[in-house]
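Right, one structure below, let's go through it.
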Amino acid sequence: MFMDDVRKMTEEEWKKKLTPEQYHVLREQGTEQAFTGKYYDNHESGMYECAACGHELFSSDTKFDSDSGWPSFDKPVNRENVILQDDSNYGMQRTEVACKNCGSHLGHVFPDGPKETTGDRYCINSCALEFKALKNK
Ligand SMILES: [Zn+2]
């Protein structure tokens, strides 16, 4: 879907398109329970796209095991594909990660990622992502 189309979607339309869990995470800034998502332990090669609009967000090349129970990446596939914004909900000072194309919530980024690469940990909800495996490795 293109940006104009997804930006025009109403919350009622999002509710129909997404599962209740996806709606809660993507549209209400929810967080799935750790170790329950489908991708935290996924080690296949491919691309993680926005579950709401299909925008490319994270490559499996940047995914690492953080033991947090959520898929963790040291950077987005392109910094232009995500929005980073301050989030002071729940009395914590965090940086929210959202999809640049549709504005949906994805997760948070923390400064405790692998030091040998970026030092960032993009902590992303599995249900906010749709994984597309690479066909020919
Ligand atoms: Zn999106």
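Just a few scattered comments:
- Derived scalar couplings between HN and Hα for segment 87-104 equal 9, 10, 5, 6, x, 10, 9, 10, 10, 7, 10, 10, 6, 5, 6, 10, x, 6 Hz in order, rounded to whole Hz, by the Karplus curve 6.51 cos²θ - 1.76 cosθ + 1.60 (θ = phi - 60°), x for Gly and Pro.
- Average Cα contact separation per residue, the chain, under 8 Å, 6 or more apart, as relative contact order %: 27
- Centre separation in Å (Cα based) which lies between segment 1-79 and segment 96-137: 7
- Charge tally for THR117 (other residues, Cβ to Cβ under 10 Å; Lys, Arg +1; Asp, Glu -1): -1.
- Each peptide in 43-52, 5-14 receives the mean, over its residues, of other Cβ atoms within 10 Å, and ordering these scores from highest gives 43-52, 5-14.
- Dipole magnitude for the chain: computed about the Cα centre from +1 point charges on Lys and Arg Cβ and -1 point charges on Asp and Glu Cβ, it is near 300 debye.
- Probe 1.4 Å, protein heavy atoms only - accessible area per residue of the chain in square angstrom: 57
- Of LYS16/LYS115; LYS8/LYS132; LYS38/LYS75; LYS8/LYS135; LYS17/LYS115; LYS16/LYS100, those spanning more than 30 Å from alpha-carbon to alpha-carbon: LYS16/LYS115; LYS8/LYS135; LYS17/LYS115
- The Cα atoms of segment 23-75 give a gyration tensor whose axes a ≥ b ≥ c have a/c of 1.5 or more with a/b no greater than b/c, which makes the shape oblate.
- Carbon-plus-sulfur accessible fraction, the chain (probe radius 1.4 Å, protein heavy atoms only): 47%.
The values are calculated or read from the model by the stated rules, or taken from the named source; none is laboratory data. As the structure is a prediction and not an experimental result, all values here were calculated from the model. Backbone-built Cβ (ideal geometry, glycine too); neighbour counts: all protein chains shown. For accessibility, only protein heavy atoms count, side chains too; no ligands or nucleic acids. Shrake-Rupley method; radii C 1.70, N 1.55, O 1.52, S 1.80 Å.
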